[in-house]
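S.K.: Let me give you the structure first, and then I'll get to my questions.
The values are calculated or read from the model by the stated rules, or taken from the named source; none is laboratory data. This structure is a prediction, so every number in the text was calculated from the model and none was measured. Virtual Cβ from ideal backbone geometry, glycine too; neighbours counted across all protein chains shown. Side chains are part of the model used for accessible areas, which takes the heavy atoms of the whole protein and leaves out ligands, DNA and RNA. Shrake-Rupley method; radii C 1.70, N 1.55, O 1.52, S 1.80 Å.
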Amino acid sequence: MKRLMSGNAALGEAAVLAGCTCYFGYPITPQNELTEYMAKRVPEAGGVFIQSESEIAAINMVLGASVAGARAMTSSSSPGMSLKQEGISYLAADELPAVVVDMVRGGPGMGNISPAQSDYFQATRGGGHGDYKTIVLAPGSVQELTEIVPLAFDLADKYRNPVIILGDGMLGQMMEPVSFDNIKPPKEYPKDYILTGAKGRPSRMVRSLLFDTKEEEEHNWKLFRKYQRMEQNEVRYDTFLLDDAEMVVIAYGIGARIAKGAIKRLRQENLKVGMIRPITLWPFPAKIIKEAAQNGAEFFVFEMSAGQMVEDVKLALEGKGRIHFYGRPGGVIPTPIELFRVISRHYYQSRRGKK
Amino acid sequence: MTIKTIFSGFGGQGVLSMGFTLANAAMLEGKYVTYLPSYGVEVRGGTANCTVVVSDEEIASPVASEPEFVVAMNQPSFARFQSVLPSGGLICVNSSIVNTTSARGDIEVLTVPTSELAEKMGTIKVANMIMLGAFLKASNMISFDLMLNNLQEILGEGKAKMIKLNRQALEAGYAFVKE
Amino acid sequence: MKQVYERPRSLKPAHFHYCPGCGHGIIGRLIAEVIDEMDLREKAICVAPAGCGMLVYNYFDIDTLESAHGRGAAVATGIKRVRPGNLVFSYQGDGDLAAIGTAEGFHAANRGEPITIIFVNNGVYGMTGGQMAPTTLSEQVTTTTPSGRNTVTAGHPVRICEVFAVLDGTAYLERVAVNKPAAIVKAKKAITKAFKVQLNGKGFSLVEILSPCPTNWKMSPIESCRWIDDVMAKQFPLGVVKDAT
Amino acid sequence: MLKGSIRIDQERCKGCALCIEFCPKKAISLSGTLNLKGYFIASFKDGGECTGCATCAVMCPEVAIEVFKN
């Protein structure tokens, strides 16, 4: 059975079905529907909902619930995410699972509430202080949230690390038909680190302060090795008409949807354009991009920012290959026709160049 | 076929509900559909609008920069959204309160006196459903019969009591538009 | 001969890192004694702060978590909501609770979270080297108030118990001191009461403890203990500030 | 007639002298002995009039004192 639901509400429902029993959040547009949905749904399901006094409090409540063994989540939008970074850094240092949702809006500063992809760097580079990484998942449709959200909780538990779901104002606000039939009951993860009271066992401590530099370094190497395992095992992406593509569009989330619309038009004109859509923004799908370059393809990176992911594409190509970039910052949503025009211009220019 | 429609008007005229009803009906028909409300400060300013995209294939963007149809329930919406219609597009106007003399010459204008029609039915509240009925006839976007048959599901539990009235309103609007 | 006083079982063998005469050691011991006496070692979860108190997790032989500076009450809220059957308390200093974490403490109190805050007030930032705290007294010299705290430019000493008392969510608030034997006995009673308030589901409890910091006060431990009576307690009156149980 | 006695953990003691100050029988004094941390430590006067009241242990910030009683 499909229901017409907003991305925000569907995300909340998927979280509850994935075993999220604790939600803490502070209202900010454009993700308020998620907080409102959880206010009703989580207590119904027997869980905990608190409208916190700030984003800082919310992420720290998540940390408390996580260390107590619960699946916990918070959500916000760009300015609020900046406040949460302190807590995310502690979650990473303490090796505690959590899911954090960012429905990005135009920035910097207060910016505006229009959909944007300007928090890519913040999300994929750790975001807060210290050497750490978070897995970043970028869904492109309301239905895809029903896969991304349970995955986010599983990855958080599997690696004991915060996981970010990076959406945008449009994904949050937009309603689409959605079915939750694919969500299975959550897996049980052994949690031998949680605080329950030291009943019948030695007391435990969870901390991130390591005075001894050797100990701190070893802890950081341990985290680093964990991030390496994530890079090896958790890269996810989607491709569209890639096999014969002479130009490969790289776009994610809502941007990838718009790009897909453009590519369909380009194909009608017999232009061989395909797409790689990163689903994990970190770890970044560098390998498939490199392979596409080896097949001679050029790249067209499209973002709703002034250019952030394009740097990861450049890193993936290690300076080789041709990359074109088109971005619209500030919450402007380009149309498929606009992209169609820009891509075909680059396509014809480079075809002429080759002759 | 991908068809994009903008529904617009004052807050309180049931504009979002019109779009939501259409989106729900299209979903039941098995179409791809997106519904995007305008949100934020704009919503509090008294005007409201939403965009519904109905398609036989995956929808690239839920935004309508060049919509096929516009429904305008008040004067400011008429002024604002007639200009985004491409040539040959259709704008359905609540002629009870909208003066359409300034309409562009290259678009089609369907005037529906929704307030008067609604008052005849006893309540101004159904003006939006009358307009939706008229719009569905004019646009021929989805099956009207299928929609009426599933009206309870489409409108949801909250409006179940009003089901009969809503059906009459939809039918009245549908009948108002001549072939 | 019979042993009449021994080290509490809820303390690990570790030596304290505190300066000579510091009140943190006394307070830590009192908490451990109360946990022993109320048989809570297998039930207690402590949230440690940033600052001098942060290493309590090295000392308490109970489940502990170190929170970010000031966030103790929010973290404790998360833990307590998931594990309502546990005793959850945060241990916080005056910078932690009365400055950077005011919002978290205030709103946990206002929600009536059934947690306990042990609030160590020594009027100064100890670990960072003796800077002004929100609780620094008027005219008190610190490294960032070298001519004494000027209340016109640096604000007034914050009385947390009195501030929290006006919140309907708070059940039990008491200010005590650990500067002499009789006061220490009272402090222990206050901690016991606060834990009972929590375990009986009565709501939010907080014990504010005036605690000597000889190093940063630039006094001997004995002078520090006297100063609490002679000066500090005049601006931070001792006693039960609120008991709504 | 000795009713009580105390044992001071020399390596925990930091010589803060709170036990000395508050002992009702003045049965503790600061010794000339340095411990490994470098503090002159408090020591129990053998033959003092200790009653085993445990005031010293109540005041000790280092939990360094154990108290015994007849």
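S.K.: Can you give the angle from 0 to 90° between the axis of helix A:213-233 and the longest principal axis of chain A, with both taken from C-alpha atoms, to the nearest 10?
M.R.: The helix A:213-233 is inclined about 50 degrees to chain A.
S.K.: Of A:243, A:131, A:102, which has the most accessible area with a 1.4 Å probe, and how do the rest follow in descending order?
M.R.: Output order, biggest surface exposure first: A:243, A:131, A:102.
S.K.: Please tell me the relative contact order of the range D:4-69 in percent, rounded to the nearest whole number, where contacts are Cα pairs under 8 Å and at least six residues apart.
M.R.: 45
S.K.: Taking the Cβ-Cβ separation of residue D:37 and residue A:287 as r and a Förster radius of 60 Å, what is the calculated FRET efficiency to the nearest 0.05?
M.R.: 0.60
S.K.: Under the definition of partner shielding as Cβ atoms of other protein chains within 10 Å of a residue Cβ, what is the mean value for peptide C:118-124?
M.R.: Whole-number average of other-chain Cβ neighbours for C:118-124 is 0.
S.K.: Shifting gears a bit: When a/c is below 1.5 the answer is rounded, else prolate if a/b is larger than b/c, else oblate, so apply that to the range B:2-176 with a ≥ b ≥ c taken from the square roots of the Cα gyration tensor eigenvalues.
M.R.: Numbers: a/c = 1.40, a/b = 1.09, b/c = 1.28.
Rounded is the answer for the range B:2-176, as its axis ratio a/c remains below 1.5.
S.K.: Remind me, relative contact order of chain C in percent, using alpha carbon pairs under 8 angstrom and six or more residues apart? Mind showing how you got there, number by number?
M.R.: Details: 526 pairs, mean separation 46.4, N = 245.
Contact order relative to length: 19 percent.
S.K.: If the reach is capped at under 18 angstrom between alpha carbons, list the lysines near residue A:133, excluding any in the same chain fewer than eight residues apart.
M.R.: Reachable lysines: A:84, A:158, A:222, A:226.
S.K.: While we're here: Count the lysine pairs in chain B whose Cα atoms sit under 16 Å apart, keeping only pairs 8 or more residues apart in sequence or on different chains.
M.R.: Numbers: B:4/B:31; B:4/B:137; B:120/B:164; B:125/B:159; B:125/B:161; B:125/B:164; B:137/B:178.
Lysine pairs meeting the criterion: 7.
S.K.: Counting pairs of Cα atoms in the range A:167-266, how many percent are more than 21 Å apart?
M.R.: Taking all Cα-Cα pairs of the range A:167-266, the fraction more than 21 Å apart is 69 percent.
S.K.: Just by accessible area at a 1.4 angstrom probe, what is the order of A:105, D:7, A:328 from largest to smallest?
M.R.: D:7, A:328, A:105
S.K.: Along the positive direction of the dipole of the range B:1-133 (beta-carbon charges: Lys, Arg +1; Asp, Glu -1; about the Cα centre), which of B:55, B:16, B:89 reaches farthest?
M.R.: Checking the options against the dipole of the range B:1-133, the answer is B:16.
S.K.: So how many Lys-Lys pairs in the range D:4-69 land under 20 Å Cα to Cα, not counting same-chain pairs under 8 apart?
M.R.: Final tally of qualifying lysine pairs is 8.
S.K.: How would you order B:6-13, A:123-130, C:71-78 from highest to lowest mean count of nearby Cβ atoms within 10 Å? Walk me through the numbers on the way to the answer.
M.R.: Working: B:6-13: 22.2, A:123-130: 19.1, C:71-78: 32.5.
Top of the packing list down: C:71-78, B:6-13, A:123-130.
S.K.: Modelling each spin label as a point 7 Å along the Cα-to-Cβ direction, I'd like the residue B:121/residue A:40 distance in nm, to one decimal.
M.R.: The answer from the label model is 2.5 nm.
S.K.: Starting from the amide H of residue C:64, placed 1.01 Å from N in the peptide plane, find each other amide H under 5 Å away whose residue is 5 or more places distant or on another chain.
M.R.: Close amide H contacts, sequence-distant or interchain: A:204, A:205, A:206, C:46.
S.K.: Within 10 Å of each Cβ in A:66-77, how many Cβ atoms from other chains are there, averaged over the peptide?
M.R.: So the per-residue partner count for this stretch is 3.
S.K.: Counting alpha carbon pairs within less than 8 Å and at least 6 residues apart, what relative contact order, in whole percent, applies to chain A?
M.R.: 18
S.K.: Let me ask something else about it. Put one equal scatterer on each alpha carbon of the protein assembly as shown, apply the Debye formula with no solvent term, and list log10 I(q)/I(0) at q = 0.07 1/Å to two decimals.
M.R.: -0.66
S.K.: Quick one: which of B:69-78, C:45-54, C:178-187, A:59-68 comes out on top by average Cβ neighbours within 10 Å, and what's the full order, highest first?
M.R.: By packing density, highest mean first, the sequence is A:59-68, C:45-54, B:69-78, C:178-187.
S.K.: On to the next question. Kindly state, to the nearest 0.05, the FRET efficiency for residue C:229 paired with residue B:163, given R0 = 51 Å and r defined as their beta-carbon distance.
M.R.: E between residue C:229 and residue B:163, to the nearest 0.05, is 0.10.
S.K.: Taking each residue in A:110-118, count the Cβ atoms of any other chain within 10 Å of its Cβ, then average. What number comes out?
M.R.: 1
S.K.: Additional query: What is the interface area between chains C and A, defined as buried accessible area summed over both chains with a 1.4 Å probe, reported in Å² to the nearest 100?
M.R.: Approximately 2700 Å² gets buried when C meets A.
S.K.: Another question about this same structure. Report the accessible area of residue D:29, computed with a 1.4 Å probe over the heavy atoms of all protein chains in place, in Å² rounded to the nearest 10.
M.R.: Roll a 1.4 Å probe over it and residue D:29 shows about 40 Å².
S.K.: Which residues' amide hydrogens lie under 5 Å from the amide hydrogen of residue D:5, considering only partners 5 or more residues apart or on another chain, with H built in the peptide plane?
M.R.: Long-range HN contacts for residue D:5: D:52, D:68, D:69.
S.K.: Next up: Which parts of the range A:93-125 would a label at residue A:219 reach, counting a residue when its backbone N lies under 13 Å from a point 7 Å out along Cα-to-Cβ?
M.R.: From the range A:93-125, the list is A:93-96.
S.K.: Next up: Could you estimate the translational diffusion coefficient of the range D:4-69 from the Stokes-Einstein equation, with Rh from the Kirkwood formula over C-alpha pairs, at 20 °C and 1.002 mPa s, in whole µm²/s?
M.R.: Details: Rh = 11.4 Å.
The diffusion coefficient I find is 187 µm²/s.
S.K.: Follow-up question, since we're still on this one. Name the residue farthest towards the positive end of the dipole of the range A:218-355 from the options A:353, A:220, A:294, assuming +1 on Cβ of Lys and Arg, -1 on Cβ of Asp and Glu, about the Cα centre.
M.R.: Farthest along the dipole direction, towards plus: A:353.
S.K.: Here is a further query. Expressed in whole Å with the largest first, what are the equivalent ellipsoid semi-axes of the range A:43-166 derived from the C-alpha gyration tensor as the square root of 5 times each eigenvalue?
M.R.: Over the Cα atoms of the range A:43-166, the ellipsoid semi-axes are 20, 17, 16 Å.
S.K.: Counting pairs on different chains as well as pairs 8 or more places apart, how many Lys pairs in the range C:96-245 have Cα atoms under 18 Å apart?
M.R.: Within the range C:96-245, the lysine pair count is 14.
S.K.: Spelling out what I want: for every residue of the range B:95-107, take phi, set θ = phi - 60°, compute 6.51 cos²θ - 1.76 cosθ + 1.60 (Karplus), and round to whole Hz; glycine and proline get x.
M.R.: Result, ordered by residue: 6, 4, 10, 10, 8, 9, 5, 8, 5, 4, x, 9, 10 Hz.
S.K.: Quick check: the angle from helix A:336-354's long axis to the longest principal axis of chain A, C-alpha only, nearest 10 degrees?
M.R.: 60
S.K.: Of all beta bridges DSSP finds with both residues in the range A:199-355, what is the antiparallel percent, to the nearest 5?
M.R.: Details: 4 of 17 bridges.
Given both bridge residues lie in the range A:199-355, the antiparallel proportion sits at roughly 25 percent.
S.K.: If I stretch the segment between residue A:210 and residue A:311 completely, what's the gain in nm (0.36 nm per residue apart, minus their alpha carbon distance), one decimal?
M.R.: Details: separation 101, 0.36 × 101 = 36.36 nm, distance 3.36 nm.
My answer for the length gained is 33.0 nm.
S.K.: How much mean residue ellipticity at 222 nm does the protein assembly as shown get from its helices, if each DSSP H run of length 4 or more adds -39500 (n - 2.57) and you divide by all residues, to the nearest 500 deg cm²/dmol? Each step should come with its number before you reach the end.
M.R.: Working: 31 runs with 316 residues, N = 849.
Result for the protein assembly as shown, helices only: -11000 deg cm²/dmol.
S.K.: Given just the C-alpha atoms of the range B:1-102, how large is their convex hull per residue in cubic angstrom?
M.R.: 99
S.K.: For residue A:301, enumerate residues with amide H under 5 Å from its amide H, sequence gap 5+ or separate chain, H modeled in the peptide plane.
M.R.: Residues meeting the criterion, in which the H sits 1.01 Å from N, are A:250, A:324, A:325, A:326.
S.K.: Could you give me the ³J(HN,Hα) list for the range B:3-13, computed from phi with Karplus coefficients 6.51, -1.76, 1.60 and θ = phi - 60°, whole Hz, x at Gly and Pro?
M.R.: 10, 10, 10, 10, 9, 9, x, 6, x, x, 8
S.K.: In addition: Using only the alpha carbon atoms of chain C, find the Kirkwood hydrodynamic radius as the inverse mean reciprocal pair distance, in angstroms to one decimal.
M.R.: Radius from the Kirkwood sum: 17.7 Å.
S.K.: For residue B:32, what accessible area in Å² do you get when you roll a 1.4 Å probe over the heavy atoms of the protein chains, rounding to the nearest 10?
M.R.: Spelled out: residue B:32, probe radius 1.4 Å, area about 110 Å².
S.K.: I've got another one for you. Count the DSSP beta bridges whose two residues both fall in the protein assembly as shown, then state the antiparallel fraction as a percent rounded to the nearest 5.
M.R.: Bridges in the protein assembly as shown are about 40 percent antiparallel.
S.K.: In nm, to one decimal, how far is the modelled label at residue A:342 from the one at residue C:245, with both set 7 Å along Cα→Cβ?
M.R.: My value for the distance between the label points is 6.4 nm.
S.K.: Beta carbons within 10 angstrom, averaged per residue: use that to sort the peptides B:119-132, A:203-216, highest first.
M.R.: So the order, starting with the most tightly packed, is B:119-132, A:203-216.
S.K.: What is the Rg over Rh value, at two decimals, for the range A:3-233, using alpha-carbon atoms and the Kirkwood definition of Rh?
M.R.: Result for the range A:3-233 is an Rg/Rh of 0.96.
S.K.: Turning to a different aspect of this structure: Pick out, from A:120, B:7, C:210, the residue whose Cα sits farthest towards the positive end of the charge dipole of the protein assembly as shown, with +1 on the Cβ of Lys and Arg and -1 on the Cβ of Asp and Glu.
M.R.: Result: C:210.
S.K.: Viscosity 1.002 mPa s, temperature 20 °C: Stokes-Einstein D of the range A:238-354 from its Kirkwood Cα radius, in µm² per second?
M.R.: D, rounded to a whole number, is 154 µm²/s.
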